[in-house]
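Contents: one structure, followed by commentary.
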Amino acid sequence: MTKNYGPEYVRAIAPYQAGKPIAEVAREFGLDEASIVKLASNENPFGVPESAVQAMTAAATDLGRYPDANGFELKAALSKRYDVPADWITLGNGSNDILEIAAHAFVERGQAIVYSQYSFAVYALATQGVGARHIVVPAQAYGHDLPAMLAAIDAETRLVFIANPNNPTGTFIPAADIQAFLDKVPANVVVVLDEAYNEFLAEENQFESAEWVKKYPNLLVSRTFSKAYGLAGLRVGFGIAQPALTDLMNRIRQPFNVNSMAQAAAIAALNDKDFLKRSAANNAAGYQQFTEAFTQLGLEFVPSYGNFVLVKVGNDPAAGSRVNLSLLKQGVIVRPVGNYGLPEWLRVSIGLPQENAVLIAALTKALAE
Ligand SMILES: Cc1ncc(COP(=O)(O)O)c(C=O)c1O
């Protein structure tokens, strides 16, 4: 009889559905692990940068001790990279941690959080986790409708989550639109600008949002080492905001929320410009490979600015799960997005050219079944 434990708003949480691990698919479908292609979790197909492996090897000898609770060296490296004081930076166990910490630090039960329909699933979880009210604003062309989000902010709203680019749809908001939004948001509302996929943006779309933090005291920019930097398994991300926000976040976070290996690897990855450049180039080529194939197959897709593409694989609500099952049987793991209210779609992460080719062939077969 556990149904009475905990608050009602916690019991109402639908747990996060992660991409299926390779070993699980191999077991379930009787496949050889080595033959499986996983394009499900927006990971970097190059894996961990060699520079980070070396840094971790060195850091491994010190694992008997607790990590630096304040992440001095990593914060110093980030402070230099983004030209902000070190005490404007909060480290997180992945940027997921930053999102959670923000909800806990800035919102109390009964207050409200605004986010967009079809935006990252963790926004709903973080809102639910603090017992706040969800204000979900209908998307426009699968992306954020910032004027509508501004209008949706009410007297109880304390936080707004914006993903740019957005996951799972891949949509992008230009700098001018975000600035216009920030100019009008009430001063007591914190805006979390989640830029997990920032490093994949083409140069003409890049803007230094860390600079905006100097102008907007209610802005928290969130970044991660999980995507372009190739460190998803280590769990390291960070937030940049003025001290009035970071001070509160620092009170809420776990004392040792980023482990020693992650801190060492993140510093190495941050300085590995070549790896980042190669990752972005592979991503741009893979995007072209996917979108050309989808066009040939007559499939609708949402133009993406991230390392994944949302593609419509049928017109009936069972299409996503049907095609997903066929792909799994063929040893290809992608992400069904029925939980986002997109049951006709699948989200496919961009991999290495040969992995993308395997997905395209398997998808072609699945659609013909
Ligand atoms: C938009 C967005 N934000 C944040 C995250 C969290 O990533 P991590 O916790 O690995 O930094 C993800 C992961 O998929 C994401 O898509």
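Annotation note: of Glu43, Glu100, Glu28, the sole residue that is surrounded by 11 or more Cβ atoms within 10 Å (Cβ to Cβ) and closer than 29 Å to Ala281 by Cβ is Glu43.
In region 316-337, the qualifying residues are those that are assigned to a strand (DSSP E or B) and of a type outside the set (Val, Ile, Thr), and the one that is least open to solvent (accessible area, probe 1.4 Å) is Arg335. Looking only at residues in region 100-114 that are of a type outside the set (Lys, Arg) and in a loop (DSSP other than H, G, I, E, B), which one is farthest from the ligand (Cβ to nearest atom)? Checked region 100-114; the qualifying residue farthest from the ligand (Cβ to nearest atom) is Gly110.
I need the full set of residues from region 295-312 which are open to solvent by 10 Å² or more (accessible area, probe 1.4 Å) and away from the ligand (no atom under 16 Å from the Cβ), in order please. Thr295, Gln296, Leu297, Gly298, Leu299, Glu300, Phe301, Pro303, Lys312, listed by residue number. Remark: Ala77 falls outside the filter, which requires a residue to be within 14 Å of the ligand (Cβ to nearest atom) and either closer than 29 Å to Ala268 by Cβ or buried (at least 22 other Cβ atoms within 10 Å of the Cβ) (or both).
Run down Lys227, Lys214 and say which single residue is assigned to a loop (DSSP other than H, G, I, E, B), open to solvent by 30 Å² or more (accessible area, probe 1.4 Å) and basic (Lys, Arg).
Every option except Lys227 fails the conditions.
Residues in region 1-25 that are open to solvent by 100 Å² or more (accessible area, probe 1.4 Å) and of a type in the set (Asp, Glu): how many? Residues meeting the conditions: 1.
How many residues are in a helix (DSSP H, G or I) and crowded, with 20+ Cβ neighbours inside 10 Å when one looks only at region 338-357? Reasoning before the result, please.
Let us first name the residues in region 338-357 that are in a helix (DSSP H, G or I), namely 338-340, 353-357.
Within this subset, residues satisfying the condition of being crowded, with 20+ Cβ neighbours inside 10 Å are 340, 356.
Summing the residues that are in a helix (DSSP H, G or I) and crowded, with 20+ Cβ neighbours inside 10 Å in region 338-357 gives 2.
When region 235-275 is filtered for residues that are within 15 Å of the ligand (Cβ to nearest atom), open to solvent by 10 Å² or more (accessible area, probe 1.4 Å) and either under 24 Å from Glu208 (Cα atoms) or without any contact (Cβ under 8 Å) to a residue 60 or more places away in the chain (or both), the ones remaining, listed by number, are Arg235, Gln263, Leu270. Evaluate the following for Asn42: is it within 16 Å of the ligand (Cβ to nearest atom) and on the phi > 0 side of the Ramachandran plot? Yes, satisfied.
Which is open to solvent by 60 Å² or more (accessible area, probe 1.4 Å) and within 16 Å of the ligand (Cβ to nearest atom), of Asn93, Asn70? Full working, then the answer.
Values: Asn70 fails: within 16 Å of the ligand (Cβ to nearest atom).
Unique residue meeting the criteria: Asn93.
The condition (being open to solvent by 10 Å² or more (accessible area, probe 1.4 Å), among the charged types (D, E, K, R), under 21 Å from the mean Cα position of the chain (by Cα) and away from the ligand (no atom under 14 Å from the Cβ)) is satisfied by just one residue among Glu208, Glu204, Glu199: Glu208.
The values are calculated or read from the model by the stated rules, or taken from the named source; none is laboratory data. Bear in mind the structure is a predicted one, so any value in this text is a computation, not a measurement. Virtual Cβ from ideal backbone geometry, glycine too; neighbours counted across all protein chains shown. Note: accessible area is taken over every heavy atom of the protein model, side chains too, but ligands, DNA and RNA are not part of it. Shrake-Rupley method; radii C 1.70, N 1.55, O 1.52, S 1.80 Å.
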